[in-house]
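The structure under discussion appears below in the form of structure tokens.
What follows is calculated from the coordinates using simple rules that are stated; it is not laboratory data. Everything numeric in this text was worked out from a predicted model, so none of it was measured. Cβ placement follows ideal geometry from the backbone for every residue including glycine, while neighbour counts extend to all protein chains displayed.
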Amino acid sequence: MTDQASAPEPETPVAPDIAGKPTSASRTTLSHIMTHSDTNLLGTVHGGVIMKLVDDAAGAVAGRHSGGPAVTASMDEMAFLEPVRVGDLVHVKAQVNWTGRTSMEVGVRVLAERWNESAPPTQVGSAYLVFAAVDADGKPRQVPPVLPETERDKRRYQEAQIRRTHRLARRRAIMELRAKRAADGIED
């Protein structure tokens, strides 16, 4: 588990020397049919299987947008809305919502439909992940700014800024609490 105190300093949310890319340039959908090997003890698809698909799709989007390798820095707000069953065709839709200098927030929606029925897919989950673009040595590298195209993209961009502010505030509060406990001589 990563120690919050060793996390990098917040980045400046601007990469002015790189041309921006529209949201649609890296948007993708990953589809997978669920089988018995994906199930948990309740007979539904294991949440970890869905999380891996979410991370895979988000990683593809982050790599496309940044033009190279990108690694998962965090996942937050993973919500499971409905169970997924064996035989469901799962569609994981991902797009870059926001970019900083070296990081990107990727939003993911998870939809499921019965493989043999014509009913429309149902949203079964959603998540937000932060990816950091890295070079061949694993060092952070700049990413192109994302250029929201639609009103929905603009809303997602604004909401991503709010989530970023909350992540930074939470990290700052935890670091302050740890420093206070250490100053008071309390060891963890």
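Side notes on the structure shown:
- Note on Ala182 and Lys52: the extension gain reaches 43.1 nm, defined as 0.36 nm multiplied by sequence separation minus the Cα-Cα distance.
- 30 Å Cα-Cα reach of Lys93 towards lysines, excluding residues that sit fewer than 8 places from it in its own chain: Lys21, Lys52, Lys139, Lys154
- Its relative contact order, with pairs defined as Cα atoms under 8 Å and 6+ residues apart, puts the chain at 26 percent.
- Close amide-amide hydrogen proximity is noted between Gly87 and Met34, Thr35, each under 5 Å apart and 5 or more residues distant or on a separate chain (H modeled in the peptide plane; Pro and chain starts excluded).
- For Asn97, residues with placed amide H under 5 Å, excluding near neighbours: Glu105, Val106, Gly107
- Measuring r between the beta carbons of Leu168 and Ser118 and using R0 = 41 Å, the FRET efficiency lands at 0.35.
- Karplus 3J(HN,Hα) series, Hz, for the stretch 53-60 with 6.51 cos²θ - 1.76 cosθ + 1.60 (x for Gly, Pro): 4, 4, 5, 4, 5, 5, x, 4
- Per-residue 3J(HN,Hα) values for the stretch 108-115, derived from phi via the Karplus relation 6.51 cos²θ - 1.76 cosθ + 1.60 with θ = phi - 60°, read 10, 10, 10, 10, 9, 9, 5, 4 Hz in sequence order (x marks Gly and Pro).
- Computed FRET value (nearest 0.05) for Asp135 with Thr35, which takes r as the C-beta separation and R₀ as 35 Å: 0.40
- Gyration tensor verdict on the stretch 31-78 (Cα atoms; rounded if a/c is under 1.5, prolate if a/b is larger than b/c, oblate otherwise): prolate
- Cα-based shape type of the chain, given that a ≥ b ≥ c are square roots of the gyration tensor eigenvalues and the cut on a/c is 1.5: oblate
- Ranked by the mean number of other Cβ atoms within 10 Å per residue, highest first, peptides 140-151, 36-47, 175-186 order as 140-151, 36-47, 175-186.
- Length added when fully stretched, Ser24-Leu81, from 0.36 nm per residue minus Cα-Cα: 17.9 nm
- Evaluating 6.51 cos²θ - 1.76 cosθ + 1.60 at θ = phi - 60° for every residue in the stretch 166-181, the Karplus couplings come out as 5, 4, 5, 5, 4, 4, 4, 5, 5, 5, 5, 4, 4, 5, 5, 4 Hz, glycine and proline recorded as x.
- Summed side-chain charge close to Asn40 - residues other than Asn40 whose Cβ falls under 15 Å, Lys, Arg +1, Asp, Glu -1: -1
- Given their separation in residues at 0.36 nm each and the Cα-Cα distance between them, Asp17 and Glu159 gain 48.7 nm when the chain is fully extended.
- Amide H partners (placed H, <5 Å) of Met78, local residues excluded: Tyr128
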